[in-house]
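One structure below.
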Amino acid sequence: MPVVDENAAIRLQDVSFRWPGRSGFGFEVSHLEVARGQTMFLVGPSGSGKSTLLSLICGIVAPDSGRVEIDGEDLGALSAARRDRLRAERIGIVFQMFNLLPYASALDNVLLALAFAPGRRRRLKGREREEALRLMGALGLPSSLVATAPAAELSVGQQQRVAVARALIGDPGIIIADEPTSALDAAAQSAFLDILFDLVGDVGATLLMVSHDERLAGRFDRVASLTEIARTQMAHTGRSSAEAA
Amino acid sequence: MILLRLAYRSLLNRRLTAILTVFAVALSVALFLGTEKVRTGARASFADTISGTDLIMGARSGGVQLLLYSVFRIGNATNNVTWQSYRDIASRPEVAWTVPLSLGDSHRGFRVLGTTDAYFEHYRYRGGRPLAFAEGGRFKDLFDAVVGADVARELGYEIGDEIVVAHGIASFTKHDDKPFRVAGILAKTGTPVDRTVHVSLEAIEAIHVDWRGGARIPGAEVSAEEVRRMDLSPRAITAALIGVKSRLQVFTLQRAINEYPEEPLLAILPGIALQELWGIVGIAETALSVVSLMVVATALLGLATMILSSLNERRREMAILRAVGARPWTILALLVTEAGLLSLAGVLLGAAMLYAGLFALRPLIDDAFGLYLTIDPPTPRELVMLAGVVAAGLLVSFLPAIRAYKMSLADGMSVKI
């Protein structure tokens, strides 16, 4: 029985998972831990099991065996509904692109993060709108732009910043970013990371960012390679990536 | 609630397809309700054609055939009833009144009916309503005619106008030597009476005095003045309406007529014959209902297709909702709710279209088909049907909703486009 580290925000131990279906993609992680308040960068080329790992951490799927813990809570022991709730309360997610509902305003997109998270809502004490506007202001988005115009009218860079505001609002504690800069050009990438680190640092949130682009790794507390942490396997070939490598 | 607001925005974002879908549902619902209205309206006005008559008597043939020519003025009698037989039956003790009917001639596409004043006395429609005169009155002279409301309106007749009766139903030979004068115009009834030209039995006799076998007897023409001095008691009639003194005697009398020894006769109960006839016509009615139900089903399938085809473009929406903590059930509920609201909107719009259509078209339908549609609030039966459409809309939406549910589980933590 491994010692539970109370300071771990995210912890995976002896996890194995296979997507249902014949061509199910197999995925194994023996150990991964992200300490609370830490910023971690995971390098992973496509096919390295990135989205499977994120699905496990976010509780979208449950592992076939092993433990996935968020703030010390084992997701495997929770029902799907409780996992959804936990994700809503504790994790903010920034996708590669297409983060926003294009027809809704940026403001509504940010407030959507609170729809399933009464705990995050409570923390804001009825000042949800103000906080959303404050965050977007801090991210350099003018309030005239975010309140009414549909999100589809924003530039890609602006949309990514709205996604950061959505991930941060109500202080969920953990931010998961899945290639958040890959749709941006080099200058915008740097500016985006500056602003992300500022805000994450302000609230002391844990940040786990996954990307194939190693050049971004410089400013993170920890850097690891997904291919070293995880073994993937295609069901129909039975060949594991570790053996191939 | 932000979710509902976003669901509304999402729908607004797809408003063109959504509006078209609602319209398809609305049109189908309007068609369906309209068919119901026409159906019940037709049935009611059909059953209302004749009332208060206990028996209809004619030469022996089929009951429906007798009803068709005596009441609906459709088709022809194969045989006549001799005046002697008619007098015999009419003088039986059970009989309260009789109305003799003599058919066979026409006037510009309308049937000519020879009868007596008793017709205006005893003919009843729509639950016992008597015939009323819009203008003029009954026959006063031998060559007086009383025309139905449609006849007067379509041919533009007024009291005093002269009309000529043609021999037979579709014939070019005319009784133009003995013209009639319009003495009365009946008020609209919504029955075949509206399309009938009524003359006296004696007048039917008079115009045929110098005819044999469908043509005038050459050299034996009798003028209109001469005919007045002749004996014009009828030799035969086509049918007769009979009222009995007591309802209990209807079957006794019916049997007596059916077993009349001198001549093969037939007596029918109009209510039963009407039902029998409606049983034949009713197949069309059922077909109409089935077709309109099919249209509703098609519209609902269109609704399901619309939602189904929107799923791919909405994968992003669903992934985002999942990412912020929505349960797959929430996504299923959103889709089903959307379908429910669309069907509800369709049903309400359809009902509104129907009532607007009824108000606008009722006079035209009444004019064109003699079909008077009532404008009532929806009946419980119709409300149940409308609720059924919404329920069916919800039901078919489970098809795309379950697919979305599966997709949102399978997509995991990635946004697919």
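The values are calculated or read from the model by the stated rules, or taken from the named source; none is laboratory data. All values derive from a computational prediction rather than experimental measurement. Ideal geometry is used to build each Cβ from the backbone, glycine not excepted, and the neighbour counts take in all protein chains shown. With ligands, DNA and RNA removed, areas are computed over all heavy atoms of the protein, side chains included. Shrake-Rupley method; radii C 1.70, N 1.55, O 1.52, S 1.80 Å.
In Å² (nearest 100), what accessible area is buried between B and A, both sides summed, heavy protein atoms only, 1.4 Å probe? Before the final figure, lay out each step's value.
Working: alone 20530 and 11550 Å², together 29490 Å².
Using a 1.4 Å probe on protein heavy atoms, the buried area is about 2600 Å².
For region B:240-331, what are Rg and Dmax over the alpha carbons, in angstrom?
31.7, 95
Under 8 Å for C-alpha pairs, at least 6 residues apart: give me the relative contact order for chain B, rounded to a whole percent. Numbers along the way, then the final one.
Numbers: 671 pairs, mean separation 105.8, N = 417.
In percent, rounded to a whole number, it is 25.
At most 16 other C-beta atoms within 10 Å and a DSSP loop state: those are the exposed GluC sites (Glu not before Pro) I care about. Give me the longest piece of chain B that has none. Don't skip to the answer; put the middle values down first.
Working: sites that count: B:158, B:221, B:259, B:262.
Value returned for the longest uninterrupted segment is B:1-157.
Using only the alpha carbons, work out the radius of gyration and Dmax of chain B in angstrom.
31.6, 107
How would you classify region A:8-237 from its alpha-carbon gyration tensor, with a ≥ b ≥ c the square roots of the eigenvalues: rounded for a/c under 1.5, else prolate if a/b is greater than b/c, otherwise oblate? Display every interim value, and only then the final one.
Details: a/c = 1.77, a/b = 1.46, b/c = 1.21.
Prolate, because a/c is 1.5 or more and a/b exceeds b/c.
Going by alpha carbons, how many degrees (0 to 90, nearest 10) lie between the helix axis of B:380-410 and the longest principal axis of chain B?
For B:380-410 against chain B, the angle is about 30 degrees.
Taking the Kirkwood radius as the inverse of the mean 1/r across Cα pairs, report the Rg/Rh of the protein assembly as shown. Could you put the intermediate results ahead of the total?
Values: Rg = 43.0 Å, Rh = 32.1 Å.
Taking Rh as the inverse mean 1/r over Cα pairs, Rg/Rh reads 1.34.
Across bins of 10 angstrom width beginning at 0, how are the C-alpha pair distances of region B:55-268 distributed, in whole percent?
8, 34, 36, 18, 3, 0
List the trypsin sites (Lys or Arg not before Pro) within region A:122-166 that fall in a DSSP loop (any state other than H, G, I, E or B) and whose Cβ has at most 15 other Cβ atoms within 10 Å.
Details: sites: A:122, A:123, A:125, A:127, A:129, A:134, A:161, A:166; in loops: A:125, A:127.
Loop-located and lightly packed - A:125, A:127.
At a 1.4 Å probe, what is the % contribution of carbon and sulfur to the accessible area of region B:55-268?
Whole-percent figure for carbon plus sulfur exposure: 50.
Which whole-number value in Å² is the accessible area per residue of region B:266-417, probe 1.4 Å? Write down the numbers at each step before the final one.
Values: 7310 Å² over 152 residues.
It amounts to 48 Å² per residue over region B:266-417.
According to a simple spin-label model (label point 7 Å from Cα along Cα-to-Cβ), what is the distance in nm between residue B:406 and residue B:291?
Those two pseudo-labels are separated by 3.8 nm.
Note down the Stokes-Einstein diffusion coefficient of region B:357-408 in µm²/s, whole number, using a Kirkwood radius over alpha carbon pairs, 20 °C, and 1.002 mPa s.
On the way: Rh = 14.3 Å.
Result for D is 150 µm²/s.
Nearest 500 deg cm²/dmol is fine: what mean residue ellipticity at 222 nm does the protein assembly as shown get from its DSSP H runs of n ≥ 4 alone, each adding -39,500 (n - 2.57), divided by its residue count? Write out the running numbers ahead of the final one.
On the way: 23 runs with 306 residues, N = 662.
Estimated from H runs of four or more residues: -14500 deg cm²/dmol.
If r is the Cβ-Cβ distance from residue B:176 to residue B:383 and R0 is 60 Å, what FRET efficiency results, to the nearest 0.05? Before the final figure, lay out the partial values.
Numbers: r = 59 Å, r/R0 = 0.98.
With a Förster radius of 60 Å, E is 0.55.
Between region B:304-336 and region A:145-215, how many Å separate their Cα centres?
First find each Cα centre; the distance between them is then 24 Å.
With +1 assigned to the C-beta of every Lys and Arg and -1 to the C-beta of every Asp and Glu, and no other charges, what is the dipole magnitude of chain B about the Cα centre in debye, to the nearest 20? Each step should come with its number before you reach the end.
On the way: 42 positive and 39 negative charges, 568 e Å.
The dipole magnitude comes to about 2720 debye.
Which value, in Å² rounded to 10, gives the accessible area of residue A:31 with a 1.4 Å probe and all protein chains present?
90
In Å², what does the accessible area per residue of chain A work out to with a 1.4 Å probe?
Values: 10260 Å² over 245 residues.
Per-residue value: 42 Å².
Quick check on the protein assembly as shown: of the DSSP beta bridges with both residues there, what percent are antiparallel, nearest 5%?
Numbers: 58 of 85 bridges.
Here the share of antiparallel DSSP bridges comes out near 70 percent.
With a cut-off of 8 Å between alpha carbons and a minimum separation of six or more residues, what is the relative contact order of chain A in percent? Numbers along the way, then the final one.
Values: 449 pairs, mean separation 72.9, N = 245.
Computed over chain A, the figure is 30 percent.
Give me the accessible area of residue B:278, 1.4 Å probe, in Å² rounded to the nearest 10.
Accessible surface of residue B:278 is approximately 30 Å².
Using only the alpha-carbon atoms, how far is helix B:2-13 inclined from the longest principal axis of chain B? Give it as 0 to 90 degrees, nearest 10.
For B:2-13 against chain B, the angle is about 60 degrees.
Tell me the label-point distance for the pair residue B:162, residue B:284, using the 7 Å Cα-to-Cβ offset, in nm and rounded to one decimal.
4.0
Not counting ligands, DNA or RNA, and with a 1.4 Å probe, what is residue A:48's accessible surface area in Å² rounded to the nearest 10?
Roll a 1.4 Å probe over it and residue A:48 shows about 10 Å².
How high is the relative contact order of region B:55-268, in percent, counting Cα pairs under 8 Å that sit 6 or more residues apart?
On the way: 426 pairs, mean separation 69.9, N = 214.
Relative contact order of region B:55-268: 33 percent.
At 0.36 nm per residue, and after removing the present C-alpha to C-alpha distance, how many nm does the segment from residue B:64 to residue B:88 gain when stretched out fully?
Working: separation 24, 0.36 × 24 = 8.64 nm, distance 2.43 nm.
Between residue B:64 and residue B:88, full extension yields an extra 6.2 nm.
Compute the normalised compactness of region A:1-131: alpha-carbon radius of gyration over 2.2 N^0.38 Å, N being the residue count.
Values: Rg = 16.3 Å, N = 131, 2.2 N^0.38 = 14.0 Å.
In units of the globular-protein estimate, region A:1-131 measures up at 1.17.
Most fluctuating residue of B:145, B:387, B:299 in a GNM of chain B with Cα springs under 10 Å: which is it?
B:387
I'd like the carbon and sulfur percentage of the solvent accessible area for region A:172-229, probe radius 1.4 Å, heavy atoms only, ligands and nucleic acids excluded. Write out the running numbers ahead of the final one.
On the way: 1140 of 2460 Å².
Carbon and sulfur: 47 percent of the exposed surface of region A:172-229.
Exactly which trypsin sites (Lys or Arg not before Pro) in region B:57-128 are in a DSSP loop and have at most 12 other Cβ atoms within 10 Å?
B:108
Give me the net charge of residue A:133's neighbourhood, meaning all other residues with Cβ under 15 Å from the Cβ of residue A:133; Lys, Arg count +1, Asp, Glu -1.
Values: positive: A:127, A:129, A:134, A:161, A:166; negative: A:108, A:128, A:130, A:131.
Within the 15 Å Cβ shell, the charges total +1.
I'd like to know how region B:72-145 sits against the 2.2 N^0.38 Å rule of thumb: what's its Cα Rg over that expected value?
1.26
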